[in-house]
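For reference, the structure is listed below as structure tokens.
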Amino acid sequence: MEIETNSVDGIAVATIIGDIDGSNAAAAQSQILTLAQTCTKLVLDMSRVSYMSSAGLRMLLASYRAIAGKGGTVLLAGLSEDLSDTMSLTGFLSFFKTSATVLEGVGLLK
Amino acid sequence: MDTENLTVPGNLDSLKAVREFVKRATGSAGIDKQRAYKLTLAVDEILANIVIHGYDEAGRSGDVEISYHVEEDRLRVDLYDCGIPYDPTQNDTPAHLDKQLEDRPIGGLGVYLARQGTDDFIYEFVNDRNHNTFIVNRAANGS
């Protein structure tokens, strides 16, 4: 699992690459929380995550709290059907804005 | 009957190998992609709990044995570990699923996902070992 960060039209975008599980979710969380200190609008590009366990849900929860706590918005772009299912089943999905692509997500947050 | 066994060290680095093992199991049993993902998630969640709570937090270490059996109408996956005895099937559905994210306690979701991802999820403690059994029907009916 790796995280690449960049900025698209002034909006912070973090692209997570690889499976998110109990072995790496804490590392992902600390990287995203560091990024969250510098922005109030964040797009998490999930299109290259084919697997995410509840450890990933905890990471998303921490990211949500960090950003929403200062009145900001976290948007999840490119969620697979499997990830959407897990998030829907656990009641997480309705709390996040979502989009099919990063560009669409950036447009929604601008 | 198609079957395979694997023994991995009881640490979080084993999660990926076990997911790949479950993928072979569901492929061998002809389970469709969506239900295969859910079974993989179920096993991964319980294995992570075993490593974190059963071994690490209890100051224990040990292996985890996993096997699968493709039976006539179902796929059975068995996990065996020597961590502290813990019955995840006694873990109630989290009562906070309808709560705002700000108010949620963290935890309990893994066992919930394990139960949601299987047609049957059975626990027993035998010969000083935890034994978790995950069952998925090979035909999608009834799930």
query: For labels at residue B:60 and residue A:30 in the simple 7 Å Cα→Cβ model, what's the distance in nm?
result: 2.8
- line: One quarter of the C-alpha convex hull surface, i.e. the mean projected area of chain B in nm², amounts to 9.1
- prompt: Taking a ≥ b ≥ c as the square roots of the eigenvalues of the Cα gyration tensor of the protein assembly as shown, is the shape rounded (a/c under 1.5), prolate (a/b larger than b/c) or oblate?
  reply: prolate
Point-to-point label distance, residue B:20-residue B:78, nm (Cα→Cβ direction, 7 Å offset): 2.4
query: If R0 is 35 Å, what FRET efficiency do you get for residue A:103 and residue B:140 from their C-beta distance, rounded to 0.05?
result: 0.45
task: Towards the positive end of the charge dipole of chain A, with charges on Cβ (+1 Lys, Arg; -1 Asp, Glu), say which of A:37, A:61, A:49 has the farthest Cα.
output: A:37
- prompt: Number of Lys-Lys pairs in the protein assembly as shown under 19 Å by Cα, sequence gap 8 or more or different chains?
  reply: 11
statement: GNM of chain A, Cα pairs under 10 angstrom: of A:90, A:73, A:98, the biggest fluctuation goes to A:90
task: Quick one, could you list the DSSP H helices from chain B stretching 20 Å or more along their long axis (Cα atoms) with average Kyte-Doolittle hydropathy of -0.5 or above?
output: B:15-29, B:33-49
field: Environment charge of residue B:53, counting only residues whose C-beta is closer than 13 Å and scoring Lys/Arg +1, Asp/Glu -1
entry: -4
- request: Rounded to the nearest 0.05, what FRET efficiency do residue A:38 and residue B:6 give with R0 = 45 Å and r taken as the Cβ-Cβ distance? Could you check?
  value: 0.55
statement: Ranking B:123, B:82, B:137 by how far each Cα lies towards the positive end of the charge dipole of chain B (+1 on Lys and Arg Cβ, -1 on Asp and Glu Cβ), the top one is B:137
message: Suppose a student asked you for the relative contact order of chain A, using Cα pairs under 8 Å spaced at least 6 residues apart; what percent would you report?
response: 27
statement: Those helices of chain A passing the 15 Å axial Cα length cut-off and the mean Kyte-Doolittle cut-off of -0.5 (DSSP H runs only) are A:25-36, A:54-68
- prompt: What fraction, in whole percent, of alpha-carbon pairs in chain A exceed 19 Å separation?
  reply: 35
- prompt: Which value, in debye to the nearest 20, describes the size of the charge dipole of the stretch B:17-86 about its Cα centre when Lys and Arg Cβ atoms bear +1, Asp and Glu Cβ atoms bear -1, and nothing else is charged?
  reply: 300
message: Can you tell me the length gained on complete extension of the stretch residue B:28 to residue B:131, counting 0.36 nm per residue apart and subtracting the Cα distance?
response: 34.8 nm
task: Can you figure out the FRET efficiency of residue A:48 with residue B:53, using R₀ = 25 Å and their beta-carbon distance, to the nearest 0.05?
output: 0.25
statement: Convex hull around the C-alpha positions of the stretch A:1-58: the volume in Å³ per residue is 71
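Just so you know, all these numbers are worked out from the coordinates, no wet-lab data involved. Note that the structure is predicted; figures quoted are calculated from it, not measured. Note that we place each Cβ from the backbone using ideal geometry, even for glycine, and neighbour counts take in every protein chain shown.
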